Each structure stands twice: as structure tokens, then as C-alpha cells.
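Since the structure comes first, as C-alpha cells, the remarks are kept for the end.
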Amino acid sequence: MDEFDVVVLGAGAAGLTAALAAADAGASVGLFEKSSLVGGTTCLSSGVAWLPDNRYAREAGVADSRAEGIRYLRSLSRDMIRPGMAEAFVDGTAEVTEWLERRTPLHLSLVPGYPDYHPEHPGGKPQGGRSVEPHLFGFDALGAWADRLEGRPRRMMVRETPVGGGTGVVAPDEADRREAQRLEGLGRAMIGALLKGCLDRGTEPVTDAAAVELVQDGDRVRGVRFADGSAVSARRGVVLATGGFEWDPGLVRDFLRGPMSYPATVPTNTGDGLRMAMKAGARLGNMREAWWVPVCVLPGQSNHGEQAVHLVLRERTLPGSIMVNRDGVRFTNEAANYNALGGAFHQLDPGSFDYVNDRCWLVFDARHVEEYGGFTLPPGQAPEWAQRGDSVGELARAIDVEPATLEAEVTRFNAMAKAGDDEDFGRGRSAYDGFVGDKRHYPGAASTLGPLERGPYYAVRLHLSTLGTKGGPQTDVDGSVFTVDGDPIPGLYAAGNAMAGPTGMVYGGAGGTLGPALVFGYRAGRAAASGGRR
Ligand SMILES: Cc1cc2nc3c(=O)[nH]c(=O)nc-3n(C[C@H](O)[C@H](O)[C@H](O)COP(=O)(O)OP(=O)(O)OC[C@H]3O[C@@H](n4cnc5c(N)ncnc54)[C@H](O)[C@@H]3O)c2cc1C
């Protein structure tokens, strides 16, 4: 049986960071990945990490502090964040970024101006300073591993895309250079760089290795068994970094607080780490929570054999669009951050005992299509599969909504948009709202508020999806998993979406999931390497 000091399960951001941190601390590391490709959901992501009080902001002259970061998270906690975890996260950002810059190929820099997701809360940053992203990474450095990452090459940084405040256009010469040098940005750059760090230290991932069971000797976790019957032993610790449980319908039903469909993640995230931790007697936390996000399905397109989805972000933020529920009425600030919108989708009506906003449509007009496009299409093109009507009333009939109700809703919204103030839901009042909207009008409300006046009108059905669940075994600040009684399970650690989310319900800002994954992946890897004596 192969024997390592530390065994890491899952090769996304959390797992690779844990493996790299453990290897850098001198441990021999076995890294096992269920899929035939490495990188998990992180490869599909934009690779942004939210790190309060970080060195890049300081270098850019943006004021932030430990106290402000903690105050901000506390102000949003609603008693869901365990004492100590928010502090450990904010305290960890300095150490992890110092280590990444000095000891690994992953180099980060600020996404300029990206506001926090609740920037007007105490300690929030309306002008940004906490969202950082990987530098472009050259895939030639990975040798044969360059073709074994999830997702597809994207040769841009977030700051260059409309979602990060850019234009989405790279000069042709620069685009050619990136192509020739196989330079990539976003989530695959993060994974590429972390993987390179692991390979440099002799830690090569083993793919097609689905862990199914922990091997225990009394309480102590001593190793892992895989689906093919093989096993490895871990002298000092096992790190669960197997992502969330969003692809296991039973776990989703048993734990999540409300409806969720069409997960946007890799389908190998089926809660295997959660199940292993439960069998070992772990105490669970944050189980009802996920990183929520509204999506639409892309008819006829699939991803890993599953229905392909599109994250609906700019389309609902740009002027000339509203979201309405099954009754044809608005129910929220459409430009709010995607995670917080989950709460609006989960509103339960006591009378009908139904989730009244779960059947939801994005409604937009011809000007929205002409100016912005959307749903992966350029300006001027509307998706063929969108519902369509020459008038608002005709569109209402197409989506089975009372025409008079939708007409009244559009009329009311148009009046508020022209007056520049959404009296009903405050769309455009937060510094976050228009950041991915129409940049010509940012930071004004007109970056997101605009009337729907020109037919034809369109509607696209939205669904509440997730970027990953974030409940799992509860841990201490170094990722050591607790028993139901609150004692450590010797030799067992968790990180990333596999652990009980250290930020509760909160998505602090762009990168709100990968920031904690880096910090707690690092801490868990270090702690496991030291056999818990950190
Ligand atoms: C389109 C998109 C954009 C996003 N953009 C951002 C962003 O910019 N910033 C941000 O913070 N978040 C973003 N997210 C969310 C973010 O990608 C995830 O929260 C994050 O990648 C989770 O990291 P992880 O390491 O915990 O899980 P993952 O990256 O999903 O890795 C988990 C790995 O574990 C493997 N695994 C599962 N079970 C087993 C097993 N039994 N044995 C071995 N291996 C196993 C999986 O195959 C997978 O490779 C985005 C998500 C999407 C879908």
C-alpha cells in the first residue's frame, strides 16, 4: 500500500493549496482526484479571491484593515458565522498571500475598483480593494498536464472582462501573444499555477481516483480507500477537499434550505467528503447554505453530459430588464449580488405554502438586446429560444402571466427608472449594483436602471442554481475536523466547499468562495503536515 505523510482528496483550489502547503512544509503528499481532469469547479471559475486587508490593496494605496474586514463579516453574519472563523480567515490573508508570492508560482493582483457585495455595510468597501485575481499563467510550464485541466482556455484577466469592469476586448497583437505563449487567466490560471507548484515539489495528482471511505484506527484517521478497492495510508493526516454536495439529489433535499436546480459546478461534486466525515462522526455545520446564483439553461447544450447553464449576471443588471415572478410582479433588486438573491428565490408564501418567486422570468426589451446582447450572444442578437412578444401583453400571455399585471409592472418600473430611483427595491442605490452594468453611467443609478419601452419584448426563465454548497464538517481554524462532541478527529482535515463554510451565508465580494478556500486550504495543509502540532 502506498504511504504518505499527508493525503489530499480533490484537486480544486482548496485541495491543490492544501497539497502544496503540506509539500512545502516538507511532507510527502498523495493527491487524489475523482475526475480524469484536475481543477474541479475552480477551473470553470473566474479565479477571483476575496481577501480583506490584503497586501495588493495596501500597495495600491487602498485603505483596509483587519478590524474593518471582521466588522464587515460580523455585520452580515446573522449569527451564522462561528466565532473565531471570520477572524481566522481575515488573519490568514496576510500569511497566505505572503506564502503564495514567495514560495509558489501563483501570483495575484488587485481587480481594480471591484466593490464588495454589500459595500454599504459597516466595514464594506464601495471602491473595492479586496478582490484579487491570478496573473496570466503560461500553460507550457505544465508539460503534459496542460491538457488535463477542467474547462477551456480563456486568455483574459477578470479586469479585462465586462464582469470585472473591462471592455471584453484585448488588442489583436496581445491576443496573438497570449495564444502563442499559451497564456491563460481566470480559474484555470489559478489551478495551473497551484498545480505547477505541486509538480515542482514532486506531488503529482492521481486522477480517476474516487475516495469512498476513511481508514481509521480507533478514532485516528490513518488512510483512505478508493472506489476500485485500493487504499493508501496517511501517516499524519487526510484533507477532505472534495467540493460540495450539489450533485447528490438526496443530500440536496436533506440539507439545503430551499429549492436549487441545475448546479453550475463539476458533476463529480457529490458530497463524498461529507459522507466520509459523517461516517467518522463529524459535527456538521452550515448545511443549509450554498453559494447561490440565478442561471438560465442553454437549450441543446450540454456540459459533462448535463444540461449546460449560463450564469445570468449582466443581463439582469443592465438597464432595460426586470425580473418578475409567476404572478408577473417584481420581487427584488435585480442587480443585487447573486448569492443574496438566493434569499429572494426562497421566499415562502404562508398562504399558498409555495416558493412564490421560484418560477421567475427575466423580461427585457429590444433596446437591451441591441445595446448589450447577452446570454453568450453579441449586441443585436436575442436568443432564439427566448419567449417573445411584440407587446408586453403578448409576452405576458407567452409566459402564462396575467397581461394587465405585467403591463402595470413595466409601466411602474419605467416611471421609476426615468426618475432615477427604484422606490420599490432600491435597484441602483448600492455601489455594487451597477458595477457590471452599463459602465458609461457608473457609478450612477442609470448604470442599471432603464425603461423597457421598445418591442419586441423577451422573457427568459431563470432558475436558482449554485456555485457549490458550503456545508460540511465543522473544523477548528486550522481545518481540523470536530466530532459531534467538539473534540478533534485525529488526522482528519477539511477545506474549501467540503468544510462547514467559515463565512456562513455571506459572499463578501467577488472571490468570496476562493478567498476562504485558499486561506483554509493553506492552513489545513500546514496543520496536516505537522501532524496537528502547528
Ligand atoms: C462559472 C463559475 C464562476 C465562478 N467564479 C468564482 C470566482 O471568480 N471567485 C470565487 O470565489 N468563486 C467562484 N466560483 C465558485 C468557485 O469556483 C468554487 O466555490 C470553488 O472552486 C470551490 O473550490 P473547491 O476546491 O472547494 O472545489 P472544486 O474546485 O470543485 O474541487 C473539488 C474537487 O474534488 C473532486 N472530488 C469530488 N469527490 C471526490 C472524491 N471522492 N475523491 C477525490 N476527489 C473528489 C472533484 O472532482 C473536484 O475536482 C465560480 C463558480 C462557477 C461555476
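Working carefully through the options E101, E133, find the one that is within 20 Å of G187 (Cα to Cα), within 16 Å of the ligand (Cβ to nearest atom) and not in a loop (DSSP other than H, G, I, E, B).
Within the list E101, E133, the selection yields E133.
Across the range 459-482, which residue is farthest from G504 (Cα to Cα) among those that are more than 15 Å from the ligand (Cβ to nearest atom) and among the charged types (D, E, K, R)?
By that ranking, first place goes to R461.
Residues in the range 234-248 that are assigned to a strand (DSSP E or B) and either under 20 Å from D208 (Cβ atoms) or open to solvent by less than 20 Å² (accessible area, probe 1.4 Å) (or both): how many?
5
Which pairs turn up if I take residues in the range 322-335 that are in a strand (DSSP E or B) and look for partners that are among the hydroxyl-bearing types (S, T, Y) with beta carbon separation below 9 Å, at least 6 apart in sequence or on another chain?
Going by the 9 Å Cβ cut-off, the qualifying pairs are M323/T332; V324/T405.
List pairs: first residue in the range 158-182 and at positive phi, second residue at pLDDT 95 or above and acidic (D, E) anywhere in the structure, Cβ distance under 9 angstrom, at least six positions apart or on different chains.
Cβ pairs passing all conditions: G168/E160; R182/D140.
Kindly indicate whether G434 is open to solvent by less than 10 Å² (accessible area, probe 1.4 Å) and within 12 Å of the ligand (Cβ to nearest atom).
Considered against the rule, which asks whether it is open to solvent by less than 10 Å² (accessible area, probe 1.4 Å) and within 12 Å of the ligand (Cβ to nearest atom), G434 comes out as no.
Hey, could you check the range 167-203 for residues that are more than 30 Å from Y372 (Cα to Cα) and surrounded by fewer than 14 Cβ atoms within 10 Å (Cβ to Cβ) and say which is nearest to the ligand (Cβ to nearest atom)?
Among those that are more than 30 Å from Y372 (Cα to Cα) and surrounded by fewer than 14 Cβ atoms within 10 Å (Cβ to Cβ), it is G202.
All but one of (1) more than 11 Å from the ligand (Cβ to nearest atom); (2) over 26 Å from E289 (Cα atoms); (3) touching a Ser or Thr at 6+ places or on another chain (Cβ under 8 Å) hold for F255, so report the exception by its number.
F255 satisfies all of (1) more than 11 Å from the ligand (Cβ to nearest atom); (2) over 26 Å from E289 (Cα atoms); (3) touching a Ser or Thr at 6+ places or on another chain (Cβ under 8 Å) except (2).
Among the numbered criteria (1) more than 26 Å from G509 (Cβ to Cβ); (2) free of Cβ contacts under 8 Å to residues at least 60 places away in the same chain, which one does N357 miss?
(1)
If you check E68, E3, which single one turns out to be away from the ligand (no atom under 13 Å from the Cβ) and either outside the structural domain of P115 (by TED's automatic domain parsing) or in a strand (DSSP E or B) (or both)?
Going through E68, E3 in turn, just one is away from the ligand (no atom under 13 Å from the Cβ) and either outside the structural domain of P115 (by TED's automatic domain parsing) or in a strand (DSSP E or B) (or both): E3.
Could you tell me whether Y493 is surrounded by 24 or more Cβ atoms within 10 Å (Cβ to Cβ), in a strand (DSSP E or B), of a type in the set (F, W, Y) and out of contact with any Pro (no Cβ under 7 Å at 6 or more places or on another chain)? Outline the logic, then answer.
Details: surrounded by 24 or more Cβ atoms within 10 Å (Cβ to Cβ): yes; in a strand (DSSP E or B): yes; of a type in the set (F, W, Y): yes; out of contact with any Pro (no Cβ under 7 Å at 6 or more places or on another chain): yes.
Yes, satisfied.
Given the residues G532, G511, G486, which is the only one that is in contact with a strand residue (DSSP E or B) (Cβ under 7 Å, 6 or more places away or on another chain), part of a loop (DSSP other than H, G, I, E, B) and surrounded by fewer than 24 Cβ atoms within 10 Å (Cβ to Cβ)? Step through it out loud before you land on a result.
Working: G511 fails: surrounded by fewer than 24 Cβ atoms within 10 Å (Cβ to Cβ); G486 fails: in contact with a strand residue (DSSP E or B) (Cβ under 7 Å, 6 or more places away or on another chain).
Exactly one residue qualifies, and that residue is G532.
Restricting the search to the range 1-31, which residues are touching a Phe, Trp or Tyr at 6+ places or on another chain (Cβ under 8 Å) and either among the polar types (S, T, N, Q) or surrounded by fewer than 24 Cβ atoms within 10 Å (Cβ to Cβ) (or both)?
Of everything in the range 1-31, those that are touching a Phe, Trp or Tyr at 6+ places or on another chain (Cβ under 8 Å) and either among the polar types (S, T, N, Q) or surrounded by fewer than 24 Cβ atoms within 10 Å (Cβ to Cβ) (or both) turn out to be T17, D24, S28.
So is L149 in contact with a helix residue (DSSP H, G or I) (Cβ under 9 Å, 6 or more places away or on another chain) and farther than 19 Å from G12 by Cα or not?
Values: in contact with a helix residue (DSSP H, G or I) (Cβ under 9 Å, 6 or more places away or on another chain): yes; farther than 19 Å from G12 by Cα: no.
No; evaluated as a whole, the condition is false for this residue.
If you go through the range 215-233 one residue at a time, do you hit one that is open to solvent by 10 Å² or more (accessible area, probe 1.4 Å), among the hydrophobic types (A, V, I, L, M, F, W, C) and under 21 Å from A141 (Cβ atoms)?
no
Output yes when any residue across the range 322-342 is surrounded by fewer than 20 Cβ atoms within 10 Å (Cβ to Cβ) and on the phi > 0 side of the Ramachandran plot, and no when none is.
Checking the range 322-342: not a single residue is surrounded by fewer than 20 Cβ atoms within 10 Å (Cβ to Cβ) and on the phi > 0 side of the Ramachandran plot.
Can you work out which of the residues in the range 35-58 that are under 23 Å from Y72 (Cα atoms) and open to solvent by 30 Å² or more (accessible area, probe 1.4 Å) is farthest from the ligand (Cβ to nearest atom)?
So the residue we want is R58.
Name the single residue that is nearest to the ligand (Cβ to nearest atom) among those in the range 275-290 being under 19 Å from the mean Cα position of the chain (by Cα) and open to solvent by 10 Å² or more (accessible area, probe 1.4 Å).
N286
Residue by residue through the range 483-506, note down the ones that are over 16 Å from P83 (Cβ atoms) and away from the ligand (no atom under 16 Å from the Cβ).
Scanning the range 483-506 gives T483, V484, D485, D487, P488, I489, P490, G491.
For the range 194-223, how many residues meet the condition of being in a strand (DSSP E or B) and under 28 Å from the mean Cα position of the chain (by Cα)?
Final tally of qualifying residues: 5.
The values are calculated or read from the model by the stated rules, or taken from the named source; none is laboratory data. Just so we're clear, the structure is a prediction, and the values are computed from it rather than from any experiment. Note: ideal-geometry Cβ built from the backbone for every residue, glycine included; neighbour counts use all protein chains shown. To get the accessible areas, we keep the full protein, side chains included, count just its heavy atoms, and leave off ligands, DNA and RNA. Shrake-Rupley method; radii C 1.70, N 1.55, O 1.52, S 1.80 Å.
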